[in-house]
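The values are calculated or read from the model by the stated rules, or taken from the named source; none is laboratory data. Just so it is clear, the model here is predicted, and its values are computed rather than measured. Cβ: placed from backbone, ideal geometry, glycine included. Neighbour counts: every protein chain shown. The protein model used for the area step is the full one, side chains on, heavy atoms only, and it has no ligands, DNA or RNA in it. Shrake-Rupley method; radii C 1.70, N 1.55, O 1.52, S 1.80 Å.
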Amino acid sequence: MTQSPLTDGTDDRAGGGPVADPRGWTLPRTVSVSDLGPLAEPISEHNGQAVAVQPLTDHPGWLAKLYRPDQHPEDAHRLDLLISAPGTLPEADRALLYAATCWPAARIQGPGNPAVGCVIPMAPEQYRSELRRGGFSERRFVEIDWLAKSDESIRGVGLPPPGLAGRLAACRQLTALAAILERLDLVYSDWSFSNAFWSPEQRSVYLIDVDGCQPQKMPDIHQPNWADPLTRPGTDADGYTDRYRLGLLVAKCMTGRRDAHTYHTVAASPWQSQPAVSEVLLDMLLAADRERRPSAAQLHQALNSGPYLRATPRPVRTALPPLPPQPVKPLAQSPAGTHEPAKEAEPKTPEQPDSKLTAGWIFVLITAVVLLIIIASNH
């Protein structure tokens, strides 16, 4: 993994001066709760590191994410680095990061606490849709969880089914964001169903909880069904952990499946216009050496019909889920339409001579012996 401008502490753009934010609000990099005006009722409480997420009444579309008081003392510096990070990126990457994530815009400080929370944008309205279930309808944010289901299931709740094109578009944007975080040497760790929204109409995704990113490594919080088999319990998550979880999320979204057969579904899905996708995903999920996992950028390139060159053959791992059983061959039908068991040819003993051929040689041998006896008696 390469050194990032976020980890060396030399970027002076993390200062407290006002910076024009392309998302529509210019504010200092460091603010107090009182600077933000009144806060509305929380839309989320006691979720992860946050005690509450509250809309800013005077600034529609913005939220105050307030942290638990037991945050690490270095969180203020980490937040400042995250806030300044977009300024280190090319314009296209910066625009994508602002448009497709709730990237923090300012750090909230308080008396004796430099990291009370942060100011983040609310996810755009395009990520809400009407979901119909059992005769009831509810307008809500659509989690990327739905892409890990079949088109039929998605259609069943009133959403337009994505098809292959829709799944590709969403996964391309997801991997583009992952590649940006990887270039910044930031670990996200939380690649899962609940941390990204999906817009079926726009075929786009929106990543949330990015204010928790940390440079190079972070505590690996256990996530059921998302555990990296090559990251030992009790050790930190890093960029290679991110690659595994990103690969697993994309595999589930591309195949519309979330169970143990995801590996086999990927292996059996060549995706005609993106032939390298299966190979990259399998290497991300099944590599025996975690450092040989392809990068987010390589997966993004494969999803865009680009090439994938593997340096060495994929090692065989023994801890894979069992392959599904092979289908049973149908029984042959008799002319009358009744089923008869197929007859198997009886195995031949190696070098077993044919019985008729053996009898012929015995006859010739006996005849030759008799002739020799007759000739000997005449002499």
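A few remarks follow.
- When residues of region 58-93 are limited to those that are in a helix (DSSP H, G or I) and of a type in the set (Ser, Thr, Tyr), the one farthest from Gln109 (Cα to Cα): Thr88
- Odd one out for Ala267 among (1) within 26 Å of Leu186 (Cβ to Cβ); (2) open to solvent by 30 Å² or more (accessible area, probe 1.4 Å); (3) out of contact with any Lys or Arg (no Cβ under 7 Å at 6 or more places or on another chain): (1)
- Counting only residues that are open to solvent by 30 Å² or more (accessible area, probe 1.4 Å), not aromatic (Phe, Trp, Tyr) and not in a loop (DSSP other than H, G, I, E, B), region 94-114 holds 7 of them.
- Search result, residues across region 115-142 that are within 20 Å of Val53 (Cβ to Cβ), free of Cβ contacts under 8 Å to residues at least 60 places away in the same chain and assigned to a strand (DSSP E or B): Ala115, Arg128, Glu138, Arg139, Arg140, Phe141
- Filter pass, Val157 being among the β-branched types (Val, Ile, Thr), out of contact with any Gly (no Cβ under 6 Å at 6 or more places or on another chain) and open to solvent by 10 Å² or more (accessible area, probe 1.4 Å): yes
- Of residues in region 218-233 being over 19 Å from Gly48 (Cα atoms) and out of contact with any Phe, Trp or Tyr (no Cβ under 6 Å at 6 or more places or on another chain), the one surrounded by the fewest Cβ atoms within 10 Å (Cβ to Cβ): Pro233
- Selection within region 179-211 - in contact with a Leu (Cβ under 9 Å, 6 or more places away or on another chain), assigned to a helix (DSSP H, G or I) and closer than 25 Å to Ser44 by Cα: Phe193, Asn195, Val210, Asp211
- Some residue of region 206-215 being open to solvent by 10 Å² or more (accessible area, probe 1.4 Å) and closer than 25 Å to Ala302 by Cα: yes
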